[in-house]
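Undergrad: What follows is a single structure, and I will ask about it in a moment.
The values are calculated or read from the model by the stated rules, or taken from the named source; none is laboratory data. Quick caveat: nothing in here was measured; it's all calculated off a predicted structure. Glycine also receives a Cβ, built like all others from the backbone with ideal geometry; neighbour counts cover every protein chain displayed. We work out accessible area using only protein heavy atoms, side chains counted, and drop any ligands, DNA or RNA first. Shrake-Rupley method; radii C 1.70, N 1.55, O 1.52, S 1.80 Å.
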Amino acid sequence: GYFWGAIGAACVFSVLAFPALRPETFGWCVALGAVSLFYMAPLLPGGRRGKSVWFLKPLFISSGWAVGGVLLPAVQAGAAITWTTLAFATYRFLFILPNAVIADVPDREGDARVGLQTAATMLSERAIRLLAAGSLVLALAIGLGLAFHQRVRILFLIDLIGPLMMLAATLRPYAASRWLNGAGIDLIVAW
């Protein structure tokens, strides 16, 4: 019910929003939708989906969030895509990447039993932790640079609390909380 309800709501809101979209935004949406097809549909060689390739799955997810959350709003606002905009998109990508990797940790044993490869089944917990922490340290460095480059410094500094919380979630033992590996890190991203 949730799946079909979410699809129905997305369709209704898409139809309602369509007249307000700038042509450039619509073009970016089409491009993002086309890339999403490679994530969901079996279009890769051998009839594989992008999400079934362990190292592509987190890259698709993080890129989708960065494009959808940073570049599409900028295009819709009529803003130029500048180095600052790209830096913000990179910051967002690096903030989301650990979520996309850590979220698979609770399912690691089940995924391995049925032959699914994810970052969690292919990498050790130490490697996942290093990847996630490294990504977040880079995000924080870019975020601090952006914060001191912008006039709305306080808003950026508030936003940096998200990567700090994700770093805390990254450094604690994963087995200690299955809830934090799923809904908890999603709530951090929602920050």
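Undergrad: If I model a spin label as a point 7 Å beyond the Cα along the Cα-Cβ vector, how far apart are those points for MET122 and ARG48 in nm?
TA: The two pseudo-label positions are separated by 0.8 nm.
Undergrad: At 1.4 Å probe size, with no ligands or nucleic acids counted, give the accessible surface of SER135 in Å², nearest ten.
TA: 10 Å²
Undergrad: From largest to smallest, what semi-axes in whole angstrom does the chain give when each is the square root of 5 times an eigenvalue of its alpha carbon gyration tensor? Spell out each step's value before the answer.
TA: Values: eigenvalues 152, 119, 46 Å².
Result for the chain: semi-axes of 28, 24, 15 Å.
Undergrad: Where in the chain are the DSSP H helices whose alpha-carbon span along the long axis reaches 27 Å or more and whose Kyte-Doolittle mean is at least 1.0?
TA: Details: long enough: 83-102 (29 Å, 1.23); 125-147 (32 Å, 1.57).
Within the chain the helices that satisfy the rule are 83-102, 125-147.
Undergrad: Ignoring ligands, DNA and RNA, what accessible area per residue does the chain give at 1.4 Å, in Å²?
TA: Details: 11080 Å² over 191 residues.
Dividing the accessible area of the chain by its residue count gives 58 Å².
Undergrad: Give the relative contact order (percent, whole number) for segment 40-191; include only Cα pairs under 8 Å separated by 6+ residues. Display every interim value, and only then the final one.
TA: On the way: 173 pairs, mean separation 35.0, N = 152.
Reported as a whole number, the value is 23 percent.
Undergrad: Restricting to Cα pairs below 8 Å that are 6+ residues apart, what does the relative contact order work out to for segment 132-176? Please round to a whole percent.
TA: Working: 24 pairs, mean separation 21.5, N = 45.
About 48 percent, as a whole number.
Undergrad: Relative contact order for segment 1-101: what is it in percent, counting Cα pairs under 8 Å that are at least 6 residues apart? Provide the component values of the computation, followed by the final result.
TA: On the way: 75 pairs, mean separation 23.6, N = 101.
About 23 percent, as a whole number.
Undergrad: Here's another thing I want to ask about it. So what is the 222 nm mean residue ellipticity for the chain from helices alone, if each DSSP H run of at least 4 adds -39500 (n - 2.57) and you divide by all residues, rounding to the nearest 500 deg cm²/dmol? Write out the running numbers ahead of the final one.
TA: Working: 11 runs with 127 residues, N = 191.
Here the helix-only value at 222 nm equals -20500 deg cm²/dmol.
Undergrad: Hey, another quick one. Once neighbouring chains are kept in place and the probe is 1.4 Å, which whole percent of the accessible area of the chain is contributed by carbon and sulfur? Spell out each step's value before the answer.
TA: Details: 8020 of 11080 Å².
Ligands and nucleic acids excluded, carbon and sulfur give 72 percent.
Undergrad: In a solvent-free Debye calculation with one equal scatterer on each Cα, what is log10 I(q)/I(0) for segment 1-70 at q = 0.15, 0.19, 0.29 Å⁻¹, listed in the order of the q values?
TA: These q points yield log10 I(q)/I(0) values of -0.63, -0.94, -1.19.
Undergrad: Of the residues VAL105, VAL15, VAL114, which exhibits the maximal mean-square fluctuation in a Gaussian network model of the chain defined by a 10 Å Cα contact cut-off?
TA: VAL15
Undergrad: If DNA, RNA and ligands are ignored and the probe is 1.4 Å, what is the ranking of CYS29, CYS11 by accessible area, most exposed first? Spell out each step's value before the answer.
TA: Working: CYS29 50, CYS11 75 Å².
Largest accessible area first, the list is CYS11, CYS29.
Undergrad: Determine the order of MET166, MET40 by accessible area, beginning with the largest, at a probe radius of 1.4 Å.
TA: Values: MET166 0, MET40 100 Å².
Listed by decreasing accessible area, they come as MET40, MET166.
Undergrad: At a 1.4 Å probe radius, which order do SER62, SER36 fall into by accessible area, largest first? Intermediate values should be presented prior to the final figure.
TA: Values: SER62 0, SER36 55 Å².
Highest to lowest solvent-accessible surface, that is SER36, SER62.
Undergrad: Quick one: accessible surface of ASP111, probe radius 1.4 Å, all protein chains present, in square angstrom to the nearest 10.
TA: About 20 Å², rounded to the nearest 10.
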